[in-house]
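Encoded as structure tokens, the structure appears first; notes follow it.
The values are calculated or read from the model by the stated rules, or taken from the named source; none is laboratory data. What you are looking at is a predicted structure, and each value in this text was computed from that prediction instead of being measured. Here Cβ is always computed from backbone atoms with ideal geometry, including for glycine, and neighbour counts include all displayed protein chains. Remember, those area values only see protein heavy atoms, side chains included, never the ligands or the DNA or RNA. Shrake-Rupley method; radii C 1.70, N 1.55, O 1.52, S 1.80 Å.
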Amino acid sequence: MPISVHAVTPDFVAEVGDVALNRPLAPDDLTAIRAAFTKYAILIFPDQDFDDESQLAFARNFGPLETTVFKARKDHKLRLHENMADVGNLDSENRVLAADNRQRLYNLGNRLWHTDSSFKRLPAYCSMLHARSIPPIGGQTEYADMRAAYDALPETTKQRIAGLVAEHSIMTSRAKLGFKDFDEDERRAFAPVPQVLARKLPDSGRMSLYIASHAGAIRGMADGEARKLLDELTAHATQRQFVYSHRWRVKDLVIWDNRCTMHRGMEFDDQRYKRDMRRATVSDVAPTCEQMGLAVAAE
């Protein structure tokens with residue numbers, strides 16, 4: 001039986017059924033999933049039974065895997081495989097993280113609108129988040145369609161942002177929450193990198209905004225003007241007509257295209273309820289400036 005694809009929204013979110021992702025996929029099924037992903041940018045696969053290895057094996061169908069940012073800090077004890085991002089609220093002994101725990105405070109940045117790994121020179125292509133355990137209330141994830149947001153911009157704004165390059169760093173987003181606990185290894189690893197503000201997707205040919213809470217300065221622009229522009233673009237892109245809110249179910253796998261979406265995790269009582277969410281992230285094929293044909297020097 002071929003996979004089934006059911007649209008949740010006309011061209012942003014779809015649910016996919018009649019497929020088990022924890023074993024090797026038939027070529028036709030993988031082709032169909034890729035085609036749906038190009039159209040929708042967010043795919044929901046309900047009731048997927050994964051362990052870490054089978055989730056990583058599925059993710060490798062889409063490209064090389066990223067290493068978790070926590071690997072940059074030598075004194076951090078990983079709970080999961082180094083290719084798995086730990087975005088829950090549990091420590092290495094599967095206990096709820098204390099309110100003042102560094103990992104918890106760091107992960108609060110996930111509640112800001114962002115796109116995964118835009119702070120890396122080679123950013124992310126797609127992310128695959130699997131729900132192992134969820135809180136009974138709260139903890140949804142909201143997603144913004146940056147393709148539709150770009151399409152809805154005035155032509156004058158499209159012309160203004162064409163070719164502009166922003167500096168992205170995870171230290172920028174964390175500073176917005178007052179988090180500054182980075183050691184020297186992390187400061188070197190997370191130095192700002194250049195990313196275009198608007199990019200063309202090579203598979204669909206659509207244009208998309210590419211911004212995030214990680215974005216700070218814009219090259220060639222005064223800091224105040226850059227902050228104002230980024231804030232205006234973020235407010236525009238996160239209007240309700242561009243946003244889908246996902247209410248998680250245990251064993252949901254959600255895949256999103258980081259090249260053309262932003263997302264944020266919503267609040268829940270993380271001192272009361274356990275939330276075990278595990279994300280595999282696939283790297284993009286090239287830096288955004290290179291993809292857009294811009295010669296940009298490192299600074």
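With viscosity set to 1.002 mPa s and temperature to 20 °C, compute the Stokes-Einstein D of segment 112-171, Rh being the Kirkwood radius across alpha carbon pairs; µm²/s, no decimals. Reported coefficient: 144 µm²/s.
Farthest toward the positive end of the dipole of segment 77-124, out of MET84, PRO123, VAL96, is the Cα of PRO123, where the dipole comes from beta carbon charges about the Cα centre. Listed values for segment 222-237 are Karplus-derived 3J(HN,Hα) couplings in whole Hz (6.51 cos²θ - 1.76 cosθ + 1.60, θ = phi - 60°), namely 4, 4, x, 5, 5, 4, 5, 5, 5, 5, 5, 5, 5, 4, 5, 6, and x replaces Gly and Pro.
A 19 angstrom limit on the alpha carbon distance is what I want to check against. Which of LYS39/LYS200; LYS158/LYS200; LYS71/LYS120; LYS77/LYS251; LYS176/LYS228; LYS71/LYS180 exceed it?
Numbers: LYS39/LYS200 14 Å; LYS158/LYS200 12 Å; LYS71/LYS120 14 Å; LYS77/LYS251 26 Å; LYS176/LYS228 15 Å; LYS71/LYS180 17 Å.
Over 19 Å apart, Cα to Cα: LYS77/LYS251.
With contacts taken as Cα pairs under 8 Å at a separation of at least 6 residues, the chain carries a relative contact order of 32 percent.
Run the accessible area of the chain with a 1.4 Å probe and give the carbon-and-sulfur part as a rounded percent. Mind showing how you got there, number by number?
On the way: 6790 of 13150 Å².
Of the solvent-accessible surface of the chain, carbon and sulfur hold 52 percent.
Once the Cα gyration tensor of segment 106-231 is found, what semi-axes does its equivalent ellipsoid get, as square roots of 5 times the eigenvalues, in whole Å, sorted largest first? It would help to have the intermediate numbers written out before the result.
Details: eigenvalues 122, 87, 40 Å².
The answer is 25, 21, 14 Å, longest axis first.
Calculated on the Cα set of segment 41-188, radius of gyration then Dmax: 17.4, 53 Å.
Accessible area per residue, 1.4 Å probe, Å², for the chain: what's the number?
Values: 13150 Å² over 299 residues.
So the chain comes to 44 Å² accessible per residue, rounded to a whole number.
Over the chain, the Kirkwood radius and the radius of gyration, each from Cα atoms, give a ratio Rg/Rh of 0.94.
Taking θ as phi - 60° and the Karplus parameters 6.51, -1.76 and 1.60, the scalar couplings of segment 114-128 work out to 7, 10, 4, 6, 5, 7, 9, 4, 9, x, 8, 8, 9, 10, 9 Hz in sequence order, x denoting glycine and proline.
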